[in-house]
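Written out below as structure tokens is the structure these notes cover.
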Amino acid sequence: MTTRRCLLALVLASAAGSLAVSIGEARAGEVVPYSQAAFEAAQKDGLPILVEVSAPWCPICKTQKPILAKLATDPRFKDLKIFDVDFDTRKDVLRQFNARMQSTLIAFKGETEVGRSVGETQPEWIEGLVEKTL
């Protein structure tokens with residue numbers, strides 16, 4: 001009986017974590033799909049934000065992802081929220097950010113855009129962009 005309860009508790013905890021991610025709660029450094037509500041909440045809280053416009057077929061995007069993942073583990077960026085915007089399916093969001101290409105990175109410090117880059121793959125340049133969010 002105790003094993004069943006432990007198993008049930010694990011399943012419920014896992015489901016709760018999945019639900020939090022699906023409704024747009026982003027933990028620091030975690031890349032989550034863009035949602036307007038989560039983005040606005042992060043802006044209102046004055047958090048460092050990076051919007052990543054990417055496409056699964058984009059080789060530049062594939063190069064950027066491990067660089068961003070590494071930066072997300074850096075203690076300097078412990079509060080960084082990274083929102084992924086799918087280039088192929090989120091045309092409404094692309095218009096909102098005036099992003100015309102995949103591999104676009106847009107940095108925000110709270111509600112203010114502080115920088116953007118398109119097609120950048122140099123780790124130190126991407127790091128410099130992310131530093132602007134602090």
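The values are calculated or read from the model by the stated rules, or taken from the named source; none is laboratory data. Computed from a predicted model, the values in this text were never measured in an experiment. So basically every Cβ, Gly included, is an ideal-geometry build from the backbone, and we count neighbours across all protein chains shown.
Worth a mention:
- Residue that is nearest to TYR34 (Cα to Cα) [pool: residues in segment 106-127 that are in contact with a strand residue (DSSP E or B) (Cβ under 9 Å, 6 or more places away or on another chain) and assigned to a helix (DSSP H, G or I)]: ILE126
- Some residue of segment 105-117 being modelled with pLDDT under 95, of a type in the set (Lys, Arg) and touching a helix residue (DSSP H, G or I) at 6+ places or on another chain (Cβ under 9 Å): no
- Within segment 105-119, tally of residues that are in contact (Cβ under 8 Å) with a residue 60 or more places away in the chain and either surrounded by fewer than 16 Cβ atoms within 10 Å (Cβ to Cβ) or more than 19 Å from LEU47 (Cβ to Cβ) (or both): 2
- Tally, over segment 80-104, of residues that are surrounded by fewer than 16 Cβ atoms within 10 Å (Cβ to Cβ), basic (Lys, Arg) and touching a helix residue (DSSP H, G or I) at 6+ places or on another chain (Cβ under 9 Å): 1
- Note on segment 26-105: enclosed helices (runs of 4 or more DSSP H) holding 3 or more residues that are over 12 Å from the mean Cα position of the chain (by Cα) and under 21 Å from GLU120 (Cα atoms) are 59-72, 91-97.
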